[in-house]
Every structure is written in C-alpha cells, then in structure tokens.
1. Return the long-range amide H neighbours of A163 (sequence gap of 5 or more, or a different chain), with a cut-off of under 5 Å between placed amide H atoms.
2. Using only the Cα atoms of region 97-170, what are the Rg and Dmax in Å?
3. Using a 1.4 angstrom probe with every protein chain in place, what is the largest-first accessible-area order of W257, W251, W94?
4. Using a probe radius of 1.4 Å on heavy atoms only, what accessible surface per residue do you get for region 121-204? Whole Å² is fine.
5. Starting from the exponent 0.38 and prefactor 2.2 Å, build the expected Rg for region 131-203 from its residue count and divide its actual Cα Rg by it.
Amino acid sequence: MTAATSPLAAELHAAFEWWRMAGVDLEFADDATDWLNSANPADALALASTAPQAPEPRVQATRTPEPLPEKNPVERVDLLGETPPQTLAEFREWWMEAPGLDAIGPRGRIASRGPANAELMVLVIDPEEGDRDRLLSGPQGRLLSRMLKAMGVDEEQTCIASALPRHTPMADTASLAARGMDAVTAHHIAMAAPKRLLAFGGNILPLIGHELPKDAPSLREINQTSASVPVMVSEGLDSVLTVPRLKARFWRRWIEWSVE
C-alpha cells in the first residue's frame with residue numbers, strides 16, 4: 001500500500017482540507033512555508049506532526065433566557081354605559097353615535113339591518129371594506145345572498161349584523177373583547193333576539209363570549225339573559241369566497257345544524 005493511498009495520507013488530506021476551508025493555508029514561523037501546496041508528499045508527511053490541530057469546540061455556558069415582558073392588561077371599559085339601549089332600533093342609533101365605541105369615532109360606521117325576532121341572525125366580525133350605507137354590500141354580501149337563497153331563508157327577514165362598527169382588517173378580537181366589545185355584541189344579539197345565530201369568522205369567538213382555543217364547530221349555543229340562542233360558527237365569508245372546499249364544509253355543517 002503506497003503513501004498516496006494509506007489511511008495516514010487520507011487523514012492528512014482531510015486535515016489539510018479542514019484548514020483550507022477555514023482560510024488557513026500557511027504555517028507561520030520565522031519564515032512562511034506553503035506546506036498545504038507542497039509538491040513533495042514526503043515533505044507533507046514530515047510536516048504532519050507539526051500541523052496545527054483543529055481547535056476543540058467551545059462549549060458555551062448555558063444561559064437562562066430572560067423572561068419576556070408581560071403584556072399590559074387591557075383596560076375593560078363599560079361601553080354600554082348606565083343606560084344601554086332597550087330595543088334593536090335604539091341600539092342601532094346608539095351604535096352610530098356612541099363616542100367611545102372605537103378609536104375613530106362615529107363617522108363611517110355601518111349599522112346592522114333586518115328585523116328583530118328574526119328566525120336567523122347572521123353575525124360577521126366587521127363590515128366589508130367598500131361598505132358605505134349598507135352592511136355587506138360587496139362580494140361577501142353577494143355570496144351571503146346566494147347562500148341564504150339556497151338555504152331557503154328570506155334575506156329581508158334576516159337580521160344581518162357585525163360585531164365591529166367599521167371595516168377592521170386583522171382585528172385583534174381577543175383584545176377588543178377584553179376591552180368590552182364582547183358585552184356590546186352580547187347586547188346587540190339580545191336586542192335582535194333571533195331564534196338562531198349564524199356567525200362567520202375564524203376569530204369571532206371572543207366577541208361572542210368564548211375563548212379562541214375553543215373548537216368553533218363545537219359551539220352550539222350562547223347564553224342570553226332570558227334564553228339560550230343556538231349558534232353555528234363558520235369560517236369568514238372572505239375565506240368561504242376564495243377557498244372552494246370551505247363551501248362544502250359549510251353546507252355539511254349547515255345541514256346538520258338546521259335539522260337539529
């Protein structure tokens with residue numbers, strides 16, 4: 001077995017490659033020697049005993065991570081006040097005028113539509129971006145109209161509402177609920193007094209009094225002061241509009257829920 005094919009030569013070659021990749025190709029003494037590129041294998045073998053060794057890996061001391069700063073608790077506000085509205089019509093008037101309902105103020109809010117005591121109330125998180133005078137006047141509203149027609153539900157006899165007064169992309173519903181919007185939504189539903197509630201929105205649960213980790217499809221009813229209202233929670237209309245498989249999922253759940 002020759003030196004070129006011996007295990008020692010292979011180990012030496014591997015050591016050279018390690019240092020070459022590390023950017024070291026010279027041995028520094030009184031005179032610099034280009035020993036990695038030596039043309040004579042015997043010279044290279046002779047230098048093997050003096051070749052610098054790969055440094056031992058440094059073991060860093062385990063450092064205990066500093067605890068993350070706690071979030072400031074959301075201050076809960078009694079948004080309804082001492083004299084909350086007592087009818088759906090009064091609630092809609094209050095909804096359009098109450099100064100503390102959101103940070104922007106009354107201008108640009110969209111009220112719910114449809115009668116009280118309806119067979120079905122539809123609740124979404126927020127109005128569509130283009131809504132001006134009528135809630136759900138854009139693509140989501142057109143989808144809802146087709147769905148209600150297929151469900152055999154008269155849209156004009158359906159109460160259609162939003163939990164937030166204006167279009168709010170990526171709404172932090174948990175924080176908004178903790179601030180007091182869950183009480184506003186509960187009062188809105190109580191004033192509408194529907195026989196059933198159909199809620200759209202993957203993160204709408206906090207606004208109707210439930211934690212986000214709860215499995216939305218398993219929620220069957222919400223408790224009101226006088227009675228419990230059967231509820232079905234579905235993905236948002238925007239998601240149903242763009243993801244075809246969600247339409248099939250909605251219809252399976254609707255058929256099961258509507259015959260209960």
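The values are calculated or read from the model by the stated rules, or taken from the named source; none is laboratory data. Computed from a predicted model, the values in this text were never measured in an experiment. These accessible areas exclude ligands, DNA and RNA; they are computed on the full protein's heavy atoms, side chains included. Shrake-Rupley method; radii C 1.70, N 1.55, O 1.52, S 1.80 Å.
1. Those qualifying (amide H under 5 Å, at least 5 residues apart or on another chain) are V124, I125, D126.
2. 12.8, 39
3. So the residues, ranked largest to smallest area, are W251, W94, W257.
4. Result: 40 Å² of accessible area for each residue.
5. In units of the 2.2 N^0.38 Å rule of thumb, it is 1.19.
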